[in-house]
Every structure is written in C-alpha cells, then in structure tokens.
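Presented below is the structure to which this report refers.
The values are calculated or read from the model by the stated rules, or taken from the named source; none is laboratory data. None of the values given here were measured: they were computed from a predicted structure. Note: ideal-geometry Cβ built from the backbone for every residue, glycine included; neighbour counts use all protein chains shown. For accessibility, only protein heavy atoms count, side chains too; no ligands or nucleic acids. Shrake-Rupley method; radii C 1.70, N 1.55, O 1.52, S 1.80 Å.
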Amino acid sequence: MPELSYPQSSGVSGKGRNLGLVVFLAVIVVGIGYCSMQLVGDLQPVRGGSILPYLLLGVALLIALGFEFVNGFHDTANAVATVIYTHSLAPNLAVVWSGTWNFLGVLTSSGAVAFGILQLLPVELILQVGSSAGFSMVFALLIAAIIWNLGTWYFGLPSSSSHTLIGSIIGVGLMNQLMHGASGTSGVDWNQALGVGKSLLFSPLIGFLAAGLLLMILKAVVRVPALYAEPKGKEPPPFWIRSLLILTCTGVSFAHGSNDGQKGMGLIMLILIGTVPTAYALNKAVTPAETQTFVAVAQQTSAALARYTNGAPPSANPRADVEAYVRTHQLTPATLPALKQLTDVIAQQVGASGSMAGVPQGIVDNVRNNMYVASEAIRLMNKAKQPAFAPEDAKAIDNFKAQTDHATKFIPTWVKVAVAIALGLGTMVGWKRIVVTVGEKIGKQHLTYGQGASAELVAMMTIGAADMYGLPVSTTHVLSSGVAGTMAANGSGLQWATVRSLVLAWVLTLPVSIALAAGLYWVFRAVF
C-alpha cells in the first residue's frame, strides 16, 4: 500500500497554501488580541489586592486552553481527514476552512453540553471552585485529560477527548468522596453519568451502522464509479466530488464546534468564577428590565412553592438543606420549605441591587451559588417528577429555573473565540497522525470518496442531534467507526490490528483517565 503524501497535494499551488497559512495566522493574532482586550476590560473594575488570583487565573486558563489545543489534535483532525486525504483541499487551507466553521459552531452553541458535563462534578466543588479543593479539581481533571490525549495521539490512535474528560471528572468525584468518607461530601452524579455514558457508548455503534447503510444506499442509487474510487496519487477528485467532500467536512467541523468545543468552555467558566467571581459569577449582560422580571418570577415561584410546604417551620440554613437534596437526591420534609426560603433570599438580594451588574462585590459569589443550588434542585425534581406540581405552579418554577440559568450559566464571546483558536492551532500542529490512521489504517483498502463522504455525513448528523439534546458525543468515535462501517459495507475488509488498538484505546480511556485524575486530585489537595 503506497504511503500517503502531503506535499503539493490537492492541486493547490504553493502560493495558495501560503496564503491560507497567512490568513490563518492573521485570524489567530486578531483573535488573541480580541480575547486579551476583553479579559482586561472585564477585570478592570475588580483589579487590586493580591496578585495570586490573577496568577492562578493565568495558569488555569493556559491549562484549559491546552486541553482544547490537544483536542484539536484528535477531534478537529478527524473533520479534515477526508478532504486532506483525498486531496480535495491542501492541509493549510483545510485547517483554515475547518477552523472557521468550528468557530461558527462554537459561537452559535447553546452551552447546554458545557454545563451538562459540569453537572457530573460534586456540587460542593462547584460552589467552592475558588478554594484549594476547587483548583485541585480543575487542574487534576484537565492535566489528566491532556496526558492521555497526548499519549494516544502520539501512537496515532483517534481517542476521544470527550471520553477522556468525562473519565477525569468521574475520577475527581470518586477521590473527593473517598477522601472525606461520610462527611456530607458528594461524589459522582451517577444518574447524569449514565446518560452521558449512553451517548458515548451508542454514538460509535450508530456511526458504524448508519455509515455502512448510507454507503450501500448511495451505491444503489448513485451509480457513478468515480464516487467509489480511491485517490489517484496527488490528483484531486472531480469538481462535484470535491464539493461534496468539502461540504461534509464543513458540516462535521460546525457540529464539532457546537458540541466538543463546549467542554472546555464550561471548565473555563468554572476557572473564571473561582478566581474572579466579581467579574464572572453573574451575567452582567442581563439588563435592569430583565432583572426586574427575574425578581417578579422569583416571587411567583416562592408563592407556588408555599403551596407545598405543608406549614413547615423555616429552615435555619435553607441553602444547606437544598444542597443536601442536590447531593443525595432524597426529598425530605425540609427540602421544599428550604427551596422557598432560598428563592426569597435570591429575590431580595437581586431586587435590592436593581440589576445583575449592580450586585455588590461582597455578595456576588453568594448570590450565584444560591441561584446554582436552586436551579439544580429544580432540575432534579423535574427529572424525578417529585413532588408533583400543578401545571401552573410547574410553569412558574420552570420559568424561574430558566431565569437563574440565564444569569449564571453563560459564556462570554471571548471565551468562545479563545476555545476556537486553541482548537485551530491544535489541528494545525497535530492533524497528520490522525489523518493517516483514518485514511489508510482502518480498512485494508484506501478510503474512497464515497466512504469518506458517508462517514462524515453520518458524523455531522449524529453530533448535531446530540447537540440538540445537550449530550456530549465523540467526533473521533463517530467518524472512525463510520469509516470502519463503510469499509465493512464495501467489502474492503478491516485492518484488525488498528481496530484492536482503537477498541483498546476506547476501553482503556475511561479507567485510565479516572485513575489519573483521582491520583492528581489527591496530590494537588496535598500540595494546595
């Protein structure tokens, strides 16, 4: 089997490739400048005091963006694998194109995936992310994910960054529980982990079966031999095939940005809230008019909850009682009265300030934590369908949850830009190993144009569907399994040595990342 060659590929001149590189670097420079200016502007009103929080902020942001950089080695490289391998686009141009659509995907993402993953973390670590335990958590799970991703990339294995990060989060949760025993700390939200695990487990199977089926349908309907041929030397495919492959690359890139790009964004927001809560704990884009609506909705929710408290006496510490419910998922007679009181406290704190931006610096972190706990409690009650609220009361309570999420679960545009830049740079540096694996080492024959298009189309649709439901999926798993499915459907045969390595990486990712993160969390807790 001839070895894939990259120089002078796709028929694009060296001048065109250099222009693509210049454009890419110019976008990076502009993006970095924009992010820096926005960050400095956000921090300007709260500067002063110790320099330590800003040092921790810088280190933590570098590690978080390092994770996204390595993510670009794996997941974004999959998006450009077919267009580079088939010589449809030169590598530099492919990376710029993919990076642009990744950025648009990140920019238009809802944030549901980002905050859905964070729900796996122990609640007390999220509420105290600025403490030594919080920083230990962030550093441990990010560094563990980076170590495993670099190792699998080095051997050219398309391992899942999503799988790795979730394993790291579980490792931190388990170690947190082991270190504190029955002292009231929480470990892993296994119900949430099960939902995430199902999406990661079934998405590769869907990719394998759906891509194989799509290829067979294509061969039955579109009887054009050129579509099912393998690349010939350095020659680009016919224009219409090239356009098809660029279109599917575009779709996968956009879907990847809207799903995978969110994982790092959620962690960056945790870092920002932990180090400079006065700047990022609450969404200052909420207008005074929206704030007044928020207060009115909170009051409506308090009145609705009052109908289910059964005259219970006030709680001495309402947030602690609501936190206990979030940790244990056990509804007690104290839960609803405490949630009502906490809602009243939130309405009073925000109402006295006039706007989210006007909440005093001294209590902004407390207000954010109150909102977070109340929102999580409502989410769990809705999931368990207990208690059974009347339709009108449920509507008011759900409206309150949506309002609190808007105030606390937000992602500034500069964070999205920073993540997109890190993904693009990672792809630029590390694309080649993954492209070779996807193009040449999964099947016994070279990847054909039709196989590449089928695998990418299925990946695009699977990731897009998961994004609609706020579920994380692995671009790597879906695309590589899709390629394997097309090879099987085409009768091309599979290189079982590669398949075994892919399966081994898939099986080992979870336990290894759990162990790495748990060990690092224990070490960092001792150091901090």
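For the stretch 481-528, carbon and sulfur atoms together expose 74% of the accessible surface, with a 1.4 angstrom probe and every protein chain in place.
If R0 is 51 Å, the Cβ-Cβ spacing of Val22 and Ala384 corresponds to a FRET efficiency of close to 0.40. Given their separation in residues at 0.36 nm each and the Cα-Cα distance between them, Glu290 and Leu331 gain 11.6 nm when the chain is fully extended. Remark: the stretch 192-351 carries a charge dipole of roughly 480 debye about the Cα centre, counting +1 on each Lys and Arg Cβ and -1 on each Asp and Glu Cβ. Placing R0 at 60 angstrom, the Cβ-Cβ distance between Asn310 and Arg500 gives a FRET efficiency of 0.50 after rounding to 0.05. Under a 5 Å amide H cut-off, with hydrogens placed 1.01 Å from N, Leu494 pairs with Lys444 among residues at least 5 apart or on other chains.
Nonpolar atom fraction for the stretch 263-349, defined as the carbon and sulfur part of the 1.4 Å probe accessible area, stands at 55 percent. Extending 7 Å from the Cα toward the beta-carbon at both Glu235 and Leu508 defines two label points whose distance is 4.2 nm. Computed about the Cα centre, the dipole magnitude for the chain is approximately 800 debye when only Lys and Arg (+1) and Asp and Glu (-1) carry charge, each at its Cβ.
Accessible area per residue for the stretch 116-175 is 21 Å², calculated with a 1.4 Å probe on protein heavy atoms, without ligands, DNA or RNA. Heavy-atom accessible surface of Trp148, to the nearest 10 Å², is about 50 Å², with a 1.4 Å probe and all protein chains retained. Compactness check for the chain: Cα Rg over 2.2 N^0.38 Å is 1.03.
The residues of the stretch 251-355 present an accessible area of 35 Å² per residue when probed at 1.4 Å with all protein chains retained. Residues Leu205, Leu227 ordered from highest to lowest accessible area at a 1.4 Å probe: Leu205, Leu227. Projecting the Cα atoms of Ile397, Leu508, Thr486 onto the dipole axis of the chain, where Lys and Arg carry +1 and Asp and Glu carry -1 at the beta carbon, places Thr486 farthest toward the positive end.
Within the accessible area of the stretch 23-135, the carbon and sulfur atoms contribute 76%, probe 1.4 Å, all protein chains present. In this structure, the residue pairs whose Cα-Cα separation is over 25 Å, taken from Lys234/Lys263; Lys198/Lys395; Lys340/Lys383; Lys284/Lys385; Lys284/Lys401; Lys340/Lys401, are Lys234/Lys263; Lys198/Lys395; Lys284/Lys385.
What does the helix-only formula give at 222 nm for the chain: each DSSP H stretch with n ≥ 4 adding -39500 (n - 2.57), the total divided by the residues, and the result rounded to the nearest 500 deg cm²/dmol? It would help to have the intermediate numbers written out before the result.
Values: 21 runs with 383 residues, N = 528.
Taking each H run of at least 4 residues, the total per residue is -24500 deg cm²/dmol.
The residue among Gly167, Leu62, Val429 whose Cα reaches farthest toward the positive pole of the charge dipole of the chain, with charges on the beta-carbon of Lys, Arg, Asp and Glu, is Val429.
Using the average count of surrounding beta-carbon atoms within 10 Å as a protection proxy, the listed peptides 456-468, 390-402, 514-526 rank, highest first, as 456-468, 514-526, 390-402.
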